[in-house]
Amino acid sequence: MARPLSLFLPPPLSLRHLVLGVVTLCLVTYFRTHPRAGAGAAGAGAEYIYASPLVRPAPAPGLAETGDSELVDTRGSYQRHAFGTNDGGAAGGGTPLPYVNVVYSRAGTLRSGDLHRCAQLNVLVTGAATLTRLVAGDELVTSHQGGLPPDSVVLIPPHVPHIWAFTADTVMTEAWLGDGGAQCAFQAWYYEPFRERVAAAMGGANATTATATGV
């Protein structure tokens, strides 16, 4: 005896199940396109952003690849400390020496306004700041406090425009990481809408300095 076709069909979905399904799909889509700061390479932006008319290569910051060097402007100071001896270095086609950049920023100042092909790692030692990232066309703002993680440790994924705004005098470290966590040499591209904010916050002749240094 043939069975009714209805025996082989799943029961109809209730309105509650449909609503839960739609909400779940929306949440998954949101978190895939709006990764939190620190989401790592999984939150990487699209590489085609470098073809945008709003993106241009930033100048080299003029910091030495070996030893200690420093840039000072009205925002504070940007120090680079490289360790060991040069075996070709990034400029010679090799890997950069182990390094850490130490950045002091006064309250009310801005930095970055750029993006990188490597992930950017920042650790806030003291102070406080907000980070704005451009993700899927939206500006996403997160607040970070110096001291203990997780708020003090920020990993900005590759290809993501970002800008730091310091709400207190802040000391933080900065470095760039490639595949497997190996350090990358510094390379940056300005995202003009963000970098213009950095220059405007400095004002006057200092704006030219900000544009020329690349940090």
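The values are calculated or read from the model by the stated rules, or taken from the named source; none is laboratory data. Being a predicted model, the structure only gives us computed values, none of them experimental. Side chains included, ligands, DNA and RNA excluded: accessible areas come from the protein's heavy atoms. Shrake-Rupley method; radii C 1.70, N 1.55, O 1.52, S 1.80 Å.
Here are the numbers for the structure shown:
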{"read-out": "Which of GLU139, GLU174 is most accessible, then next, and so on - probe 1.4 Å", "value": "GLU139, GLU174"}
{"read-out": "Probe 1.4 Å, accessible area per residue of the stretch 94-174, Å²", "value": "37"}
{"read-out": "Accessible area, probe 1.4 Å, largest first, for residues THR170, THR130, THR85", "value": "THR85, THR130, THR170"}
